[in-house]
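The values are calculated or read from the model by the stated rules, or taken from the named source; none is laboratory data. Note that the structure is predicted; figures quoted are calculated from it, not measured. All Cβ positions, glycine included, derive from the backbone under ideal geometry; neighbour counts span all protein chains shown. For the accessible areas, the whole protein counts, side chains as well, though only heavy atoms, and no ligand, DNA or RNA atoms are used. Shrake-Rupley method; radii C 1.70, N 1.55, O 1.52, S 1.80 Å.
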Amino acid sequence: MRPEGFQWIREPETWKMDGEGRLEVITVPCTDLWQKTYYHFQNDSAPVFQMETEEQYFSFVVKTDFEDSHHRFDQCGIVMYLDSENWLKASVEYENEQYQHLGSVVTNGGYSDWATTEIEASVKSMWYRFSRREDDYRIECSDDGRTFHQMRICHMNEGKGKIRFGIYACSPEYSSFKAVFSHMRLMECQWNAHEGQQPDQPEPQTEQL
């Protein structure tokens, strides 16, 4: 898929795309996305490449390659950036020569969370699948692009109607690396409707004698 309709927010100084839609981005030092929680700072400087849609049910898949990442917090992945205080992202963040963090951040109303798991530092590529069901969202990851594993389900307070989603890359500290995005695909929603446990029902009230 060549990403038609995608536009940059904070276009990076150096990037290129080939005829097959393979995108290379060179990150700039001190670029990041984060809002307030725990660290107290607010960073809103990462380059974001995304498109708009009002479609309520869909999935978006992309492969990320980050062979060049080498400094703490170097990262690239998927993003849904609505504005500086409402967005989500998922990526692998470099930590050191032993391990890195596969994780996601959801920011609602100007406060970010961070959910992570440690993976080996030798991992240098990751697939993501971003799915929408109205104003609820699911993020999945895969090491082969075929079998995806759920990372999280979340609700976005401002995630109704028109949204914007795509990819991002950044280096929060004094670093720079090449991030590569490929195999971008839009498809029917791969997140099936819930058919399991029914919502709790209130217990019947007993008449007091």
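Just to be sure I understand, how many residues within segment 74-104 are under 15 Å from the mean Cα position of the chain (by Cα) and either open to solvent by less than 10 Å² (accessible area, probe 1.4 Å) or among the aromatic types (Phe, Trp, Tyr) (or both)?
16
Looking only at segment 1-11, which residues are touching a Phe, Trp or Tyr at 6+ places or on another chain (Cβ under 9 Å), under 22 Å from SER176 (Cβ atoms) and surrounded by 14 or more Cβ atoms within 10 Å (Cβ to Cβ)?
From segment 1-11, those touching a Phe, Trp or Tyr at 6+ places or on another chain (Cβ under 9 Å) are 3, 6-9, 11; that's our starting set.
Filter again for under 22 Å from SER176 (Cβ atoms), leaving 8-9, 11.
Scanning segment 1-11 gives a single hit, ILE9.
With ILE163, ILE139, ILE153 as the choices, which residue is under 14 Å from the mean Cα position of the chain (by Cα), among the hydrophobic types (A, V, I, L, M, F, W, C) and open to solvent by 40 Å² or more (accessible area, probe 1.4 Å)? It would help to see each step written out before you state the result.
Numbers: ILE163 fails: open to solvent by 40 Å² or more (accessible area, probe 1.4 Å); ILE139 fails: open to solvent by 40 Å² or more (accessible area, probe 1.4 Å).
So the residue among ILE163, ILE139, ILE153 that is under 14 Å from the mean Cα position of the chain (by Cα), among the hydrophobic types (A, V, I, L, M, F, W, C) and open to solvent by 40 Å² or more (accessible area, probe 1.4 Å) is ILE153.
On the given criteria, is THR107 of a type in the set (Val, Ile, Thr) and open to solvent by 10 Å² or more (accessible area, probe 1.4 Å)? Break it down into steps so the answer makes sense when it comes.
Values: of a type in the set (Val, Ile, Thr): yes; open to solvent by 10 Å² or more (accessible area, probe 1.4 Å): no.
No, not satisfied.
Residue-wise test of (1) under 26 Å from THR31 (Cα atoms); (2) out of contact with any Gly (no Cβ under 9 Å at 6 or more places or on another chain).
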position: GLY145; (1), (2): no, yes
position: GLN150; (1), (2): no, yes
position: ILE163; (1), (2): yes, yes
position: PRO172; (1), (2): yes, yes
position: SER182; (1), (2): yes, no
position: LEU186; (1), (2): no, yes
position: ALA193; (1), (2): no, yes
position: ASP200; (1), (2): no, yes
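Residues that are of a type in the set (A, V, I, L, M, F, W, C): which strands (runs of 3 or more DSSP E) entirely in segment 16-70 hold 1 or more of them? Step through it out loud before you land on a result.
Numbers: elements: 23-26, 33-35, 42-44, 48-53, 57-65.
Hits in segment 16-70: 23-26, 33-35, 48-53, 57-65.
Residues that are aromatic (Phe, Trp, Tyr): which strands (runs of 3 or more DSSP E) entirely in segment 147-209 hold 2 or more of them? Let's see the steps before the verdict.
Working: elements: 149-155, 163-170, 178-187.
Result: 163-170.
Quick one: in segment 29-64, of everything that is farther than 21 Å from GLU93 by Cβ and charged (D, E, K, R), which residue is most open to solvent (accessible area, probe 1.4 Å)?
Filtering segment 29-64 down to residues farther than 21 Å from GLU93 by Cβ leaves 51-59.
Remaining after also requiring charged (D, E, K, R): 52, 54-55.
Values: GLU52: 97, GLU54: 124, GLU55: 92 Å².
Of everything passing the filter in segment 29-64, GLU54 is most open to solvent (accessible area, probe 1.4 Å).
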